[in-house]
1. Looking at 68, 101, which one is hydroxyl-bearing (Ser, Thr, Tyr), outside the structural domain of residue 475 (by TED's automatic domain parsing), crowded, with 17+ Cβ neighbours inside 10 Å and under 22 Å from residue 206 (Cβ atoms)?
2. Out of region 464-509, which residues are among the β-branched types (Val, Ile, Thr) and in a helix (DSSP H, G or I)?
3. I need the full set of residues from region 393-419 which are touching a helix residue (DSSP H, G or I) at 6+ places or on another chain (Cβ under 7 Å) and over 16 Å from residue 366 (Cβ atoms), in order please.
4. Take the conditions under 20 Å from the mean Cα position of the chain (by Cα) and at pLDDT 95 or above and apply them to residue 69. Does it pass?
5. Pick from 177, 207, 195, 232: which is assigned to a helix (DSSP H, G or I) and hydroxyl-bearing (Ser, Thr, Tyr)?
6. Only one of these conditions is not met by residue 159: (1) closer than 23 Å to residue 51 by Cα; (2) in contact with a strand residue (DSSP E or B) (Cβ under 8 Å, 6 or more places away or on another chain). Which number is it?
7. Mind telling me which of the residues 477, 491 ends up being closer than 22 Å to residue 378 by Cβ and out of contact with any strand residue (DSSP E or B) (no Cβ under 8 Å at 6 or more places or on another chain)?
8. Residue 432 passes all but one of (1) surrounded by 20 or more Cβ atoms within 10 Å (Cβ to Cβ); (2) of a type outside the set (Asp, Glu); (3) part of a loop (DSSP other than H, G, I, E, B); which number fails?
Amino acid sequence: MVIRRAGAVLLGMVLAAAPMNAASADGAHRATVVRQTDLGGVRGLDQSRSTGTHSWLGIPYAEPPVGSLRWRAPVTHRPWDGVRDATAYGDGCAQQGRLFSPAPSGPHYGLDVRDGLGEPVGAEDCLTLNVFRPSIRTKDLPVIVFLHGGSNVVGYSADPMYDGRTLARRADAVVVTVNYRLGVFGWLDLPGLKTGDPNGDSGNFGTLDQIEALRFVHRNASAFGGDASNVTVMGESAGAVDVWALMMSPLSRGLMDKAVPLSGGLKFAAPEQARTYAEAFLDDAVGAGKDRDEAVRRLRQMPAGDVIRAQIRRGAVVGDPPAVIADGAVLPADHHAAIATGRFRDVPVLAGNTFEEGKLFGSLIGAYRPTDYERFTRQYFFDPDRPSAFEVRDFITDRYLPADGPGGWDEAAGRLTDSIFTGIVHDSMNSMKEAGNRRLYYYQFGWNQEPAPFDTVYGAVHGMDLPFVFGTFDEGLFTFAFGRRNEPGRLELSKLMMDSIRVFVRTGSPQHHGLGARWGQWPRSVVFDAGDRGATARPGSADGPARLP
């Protein structure tokens, strides 16, 4: 065994020394690059000539959580022989199809995403991650691990908005994007599933997946030219909630050094809430009145699609499954008390919000006129470089018009922004400040230069900052927003934001000369914005009105 593993390491070193050419499925040849991980060799894409990057996609970091491993803590993936292909993304995790879900046919974005809306998509065998790095010889690069959003019920690392190549090159860093279990597969505190293992019994399977991914990164950062002692965990929306949770978990000590939580804060579910949901979910999935042991056995054997359908039925009654459970083992029962100990005093945090987060959640108040299917279709085919026949009323119901009037869409969405997003971010940052953390930074994102009517329908909406953070404007849900007219300003703004991340992951401060403004400590902020021709970064404050100027 020792001889075989040593031989594999030597083979990996030889193969990694120079790019290779491999035939793709269509017969074309593409350059590849090999690295040796502690699990085995991985052959990724050498795109140094086109994008200046190397990419390794779909690397498994844990055993597939299927069969006896369903609703168990993740198990480190067994080593494989030889070199594994890492040129294609792995499946997104099993989920209910929504706007930010993969297509039914696989982990990609396209018009067929709408065919999966409201239906089970993804797969249980999904615990993979992707690695991007600039195609330079520099070693010991900072590592950025990104956790996607989606209310911890949807999302996938192959979303083109999270393509890590541009960020890796601009930030001169290793970027890792992660799949983790979602919905009831990721968080289910059901008594009948417990085995006596305090971690697995927590119900926090998705959180444990993220920790297992960080362990893989810690063991293998150097294989991709990264520095295991400088790992920043970044996430958006539910991914930001997860970043805060990882900061609190005793299991992640030594695995993360800095945090970039965007549009999310400390938001844990109480165990009582999680158990109430789990018991009712069990009854809905297998039928009420069944023997509990037999019911759990049937639930374990149920096809993944049927499990998701039961989650969809339950969601119509009570909403999404409670996620990120304050179990007292994986996560503290009282996160405020945990922060007060001062253990997090030295963790640099760069948080952010968009000014109009709530405009993505009009369905919560009946504000959207079209169905999600119709809205997706209109946005998918919208050409931002041609005059549009659409008006605001084609997307927003009369109750919220005019948008800028009393009780209109702007005001209603502002209430959603405050109630869902800014409150928990402010509470989280204030708790860290009170505990003595003096490296807390905050940005507010104000870009709303979409072509009409989307400048009013969405504006600086939840998630709109992500294409700027990743430099991904060419494909994805928000492409309707990006045309030739606003290109100069948004590209300049994207560079400002990526440069802030580049500096932050190295120094713990996002301040750099290109900003042209001093980035003060929380509750001070920097407001990122741009017109069509240029970008600005101006001083702001979380204490001020959370609205567009």
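The values are calculated or read from the model by the stated rules, or taken from the named source; none is laboratory data. Every value quoted in this text rests on a predicted model; they were computed, and no experiment measured them. Glycine also receives a Cβ, built like all others from the backbone with ideal geometry; neighbour counts cover every protein chain displayed.
1. On the way: 68 fails: crowded, with 17+ Cβ neighbours inside 10 Å.
101 is the lone residue from the list that is hydroxyl-bearing (Ser, Thr, Tyr), outside the structural domain of residue 475 (by TED's automatic domain parsing), crowded, with 17+ Cβ neighbours inside 10 Å and under 22 Å from residue 206 (Cβ atoms).
2. Those that are among the β-branched types (Val, Ile, Thr) and in a helix (DSSP H, G or I): 469, 479, 501, 503, 505, 507.
3. Within region 393-419, 404, 414, 417 meet the criteria.
4. Working: under 20 Å from the mean Cα position of the chain (by Cα): no; at pLDDT 95 or above: yes.
Taking the combined requirement at face value, the residue does not satisfy it.
5. Numbers: 177 fails: assigned to a helix (DSSP H, G or I); 195 fails: assigned to a helix (DSSP H, G or I); 232 fails: assigned to a helix (DSSP H, G or I).
When all the criteria are applied, what remains is 207.
6. (2)
7. Working: 491 fails: closer than 22 Å to residue 378 by Cβ.
Residue meeting the stated conditions: 477.
8. Evaluating residue 432 over (1) surrounded by 20 or more Cβ atoms within 10 Å (Cβ to Cβ); (2) of a type outside the set (Asp, Glu); (3) part of a loop (DSSP other than H, G, I, E, B) leaves (3) as the failure.
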